[in-house]
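So the structure is just underneath, and the comments pick up after that.
The values are calculated or read from the model by the stated rules, or taken from the named source; none is laboratory data. These numbers come from a predicted model, not from an experiment. All Cβ positions, glycine included, derive from the backbone under ideal geometry; neighbour counts span all protein chains shown.
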Amino acid sequence: MITTLLDHLWQSTFFAAGAGLVTLLLKGNAARVRFFVWFAASVKFLVPFAGIAALGAMLLPSHAAPLPMFADLAPAVEPYVVPLANGRSLVAPATPAAALDWTNVLVAVWALGTLAVALRWLSHWMKLRTMLTGAGAVSFINGLSVRRAPAALEPGLFGVFRPVVLLPQDIDTKLSPAELEAVLVHEACHKDHRDNLLIVVHMLVEAMFWFHPLVWWLGARLNHERERACDEAVLAAGQEADVYAESILKVCKLYVQSPLACVAGVSGAGLKERIEHIVMSSVVLPLGAARKLLLAGLATVSLIVPLSAGLVMAPLAVVAQTQVQQARPASSPERIAQLRMEQAAPRNIVAFDPKDFDRFVGKYQFGPAVLMTVTREGSHYLTRLTGQNNVEVFPESRTKFFATIVQAQISFGSDAEGRVNELVLHQNGLEQHAPRISSDAARAIEAALLARLQRNQPSAGTEASLRRYIASLEKGEPNYGEMDPRLAAAVRSQLPGILSFVRQAGELKTLTFKSVNENGMDVYQADFEHARVLWYIAPLTPDGKVVGRGFRPLT
């Protein structure tokens with residue numbers, strides 16, 4: 001989670017830096033244009049590139065979705081194996097000393113910071129709301145809803161969806177009619193621009209990312225450009241520059257600035273610079289065709305790049321993983337039996353420096369849609385397969401670790417330069433190799449799996465394949481030709497138990513699709529003459545092979 005957040009933060013920071021360069025190019029153009037460039041940088045904090053990449057993966061046709069190979073920590077073979085939380089360990093390891101969970105600490109600090117920011121704003125809003133409640137009746141001046149209150153607060157636009165202008169009760173005695181008209185035209189611009197609503201969106205960004213100085217700086221830039229935009233609109237409406245400038249100076253001298261950015265007033269936002277631009281009546285250059293094309297191009301690139309990543313990375317990951325899996329020979333039943341005995345042997349914890357585990361932290365790809373995430377929390381070493389909870393492992397050597405809730409171990413391999421490049425899962429008599437992949441590739445795979453879950457439709461051919469397989473079991477002759485070699489080897493090693501169960505279940509009556517599970521496997525309910533069973537089957541490979549399948553009897 002922390003790694004994902006850091007990725008999002010640097011991407012958003014980089015995007016904001018790019019927005020800053022664009023505003024420099026637009027320095028002589030309308031402030032409203034620069035406002036929306038900064039606003040896009042703010043909204044980027046709410047829209048991670050990984051989310052756009054996930055949208056790209058959702059555009060893939062269903063046959064291009066990754067194909068899961070495993071359904072749980074154990075491979076998805078018959079019978080369907082689920083590790084139990086109260087599983088008995090062969091050797092009870094010494095419990096490591098409790099370590100401080102820094103992830104939870106950071107989440108708590110973030111939540112407290114967000115709450116503090118929100119409560120501060122809520123306090124200011126309630127005070128302003130009370131002031132509005134005590135204000136006079138609504139009147140209409142130049143089409144604006146106006147209320148007057150006996151307070152020293154500057155004129156401002158209060159409200160988001162049905163805003164009203166709140167004026168100090170004595171403002172008629174402080175400003176001339178021409179100056180008051182200029183102030184009202186300024187507030188009308190805020191209303192037309194929907195500035196309060198847009199600033200509320202940025203306030204959400206500030207509340208969520210209060211720890212990042214950049215979001216507060218972005219807020220200052222947004223406030224500056226929105227006031228400049230209203231200044232330009234007021235002058236364009238025909239107001240006298242000197243009268244307008246004097247009205248702003250008087251408001252700043254006589255009244256208090258609004259404590260909330262979402263209550264748009266008249267003062268603030270680099271007052272000296274604003275007055276200079278107003279008095280000098282600076283010329284606003286039109287946005288030429290070249291700059292319009294530049295803005296449109298940058299906006300398009302910002303969307304196309306992550307969308308393309310989602311479209312491209314998932315299929316590439318499928319191809320790469322398929323090639324790796326096909327290159328590994330299937331284990332014989334004798335070899336599976338031998339490995340099963342080794343994996344069931346007692347294990348012992350060895351001394352291990354927790355910091356040495358950091359080189360193993362990352363994402364490893366078992367099947368085209370099944371990842372193992374390896375993390376460290378203090379002196380706790382955690383592994384999590386797609387669709388599962390964390391499983392803690394304990395060191396038995398410098399590169400090999402064992403679980404206690406299941407009879408399984410993991411080991412890590414390195415390349416010639418000593419960089420960790422693969423994880424091996426030792427379980428159920430198999431040794432499953434998972435190459436290490438980048439964070440971007442992992443996000444693309446997870447996005448494609450999410451798209452498959454959202455569609456919740458059976459993959460082409462899985463029902464027919466499952467029917468043929470059950471029919472072959474009823475004949476006592478499994479159709480190994482339709483299985484991936486590794487799955488076929490695992491079925492051979494478990495065949496007596498599988499055939500015994502099918503004989504007891506009786507004749508198959510109905511087979512009904514239920515859902516797509518967390519691992520991306522199709523789930524079918526099979527009603528036999530004497531039993532009800534949930535069958536799990538992975539989407540078929542392009543050549544029609546089954547790479548993952550399992551079942552669980554229903555009580």
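Summary table below
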{"quantity": "Enumeration of residues in segment 465-513 that are closer than 14 Å to residue 526 by Cβ and under 39 Å from the mean Cα position of the chain (by Cα)", "calculated": "465, 466, 467, 469, 511, 512, 513"}
{"quantity": "Exclusive hit being within 20 Å of the chain's Cα centre (by Cα) and either part of a strand (DSSP E or B) or modelled with pLDDT under 90 (or both), set 406, 374", "calculated": "374"}
{"quantity": "Number of the exception - residue 238 against (1) farther than 20 Å from residue 202 by Cβ; (2) part of a helix (DSSP H, G or I)", "calculated": "(2)"}
{"quantity": "Test: residue 443 is surrounded by fewer than 16 Cβ atoms within 10 Å (Cβ to Cβ) and farther than 28 Å from residue 525 by Cα", "calculated": "no"}
{"quantity": "Candidate set: segment 388-398, residues that are surrounded by fewer than 17 Cβ atoms within 10 Å (Cβ to Cβ) and part of a loop (DSSP other than H, G, I, E, B); chosen: the one farthest from the chain's Cα centre (by Cα)", "calculated": "397"}
{"quantity": "Residues located in segment 165-207, provided they are within 13 Å of residue 244 (Cα to Cα) and charged (D, E, K, R)", "calculated": "179, 181, 187"}
{"quantity": "Some residue of segment 13-29 being outside any helix (DSSP H, G or I) and at pLDDT below 50", "calculated": "no"}
{"quantity": "Residue match in segment 257-279 (condition: in contact (Cβ under 8 Å) with a residue 12 or more places away in the chain, in a helix (DSSP H, G or I) and in contact with a strand residue (DSSP E or B) (Cβ under 9 Å, 6 or more places away or on another chain))", "calculated": "no"}
{"quantity": "Only one of 226, 221 that is closer than 24 Å to residue 17 by Cα and in contact with a strand residue (DSSP E or B) (Cβ under 8 Å, 6 or more places away or on another chain)", "calculated": "226"}
{"quantity": "Pairs with Cβ under 6 Å, 6+ apart, first in segment 449-460 and farther than 15 Å from residue 387 by Cβ, second in a loop (DSSP other than H, G, I, E, B)", "calculated": "459/539"}
{"quantity": "Residues of segment 337-364 that turn out to be in contact with a strand residue (DSSP E or B) (Cβ under 7 Å, 6 or more places away or on another chain), surrounded by 15 or more Cβ atoms within 10 Å (Cβ to Cβ) and part of a helix (DSSP H, G or I), as a count", "calculated": "5"}
{"quantity": "Positions within segment 6-32 being within 27 Å of residue 377 (Cα to Cα) and loosely packed, with under 13 Cβ neighbours inside 10 Å, in sequence order", "calculated": "6, 10"}
{"quantity": "Contacts under 9 angstrom Cβ, first residue in segment 24-50 being of a type in the set (A, V, I, L, M, F, W, C), partner buried (at least 17 other Cβ atoms within 10 Å of the Cβ) and not in a helix (DSSP H, G or I), 6 or more apart", "calculated": "30/284; 31/284; 33/26; 37/26; 45/209; 45/212"}
{"quantity": "Search result, residues across segment 212-258 that are over 25 Å from residue 176 (Cβ atoms) and touching a Ser or Thr at 6+ places or on another chain (Cβ under 9 Å)", "calculated": "212, 214, 215, 218, 219, 221, 222, 225"}
{"quantity": "Selection within segment 137-186 - under 43 Å from the mean Cα position of the chain (by Cα) and of a type in the set (Gly, Ala, Ser)", "calculated": "145, 156, 159"}
{"quantity": "Restricting segment 517-536 to residues that are part of a loop (DSSP other than H, G, I, E, B) and buried (at least 23 other Cβ atoms within 10 Å of the Cβ), the residue that is modelled with the highest pLDDT", "calculated": "521"}
{"quantity": "From the options 496, 539, residue that is assigned to a helix (DSSP H, G or I) and either in contact (Cβ under 8 Å) with a residue 40 or more places away in the chain or over 30 Å from residue 413 (Cβ atoms) (or both)", "calculated": "496"}
{"quantity": "Wholly enclosed helices (runs of 4 or more DSSP H) of segment 168-233 bearing at least 2 residues at pLDDT 90 or above and more than 18 Å from residue 267 (Cα to Cα)", "calculated": "195-208"}
{"quantity": "Selection from segment 446-469 of residues that are surrounded by 18 or more Cβ atoms within 10 Å (Cβ to Cβ) and not small (Gly, Ala, Ser)", "calculated": "446, 449, 452, 458, 462, 466, 469"}
{"quantity": "Subset of segment 357-371 that is among the aromatic types (Phe, Trp, Tyr) and over 21 Å from the mean Cα position of the chain (by Cα) - its residue that is nearest to residue 443 (Cα to Cα)", "calculated": "366"}
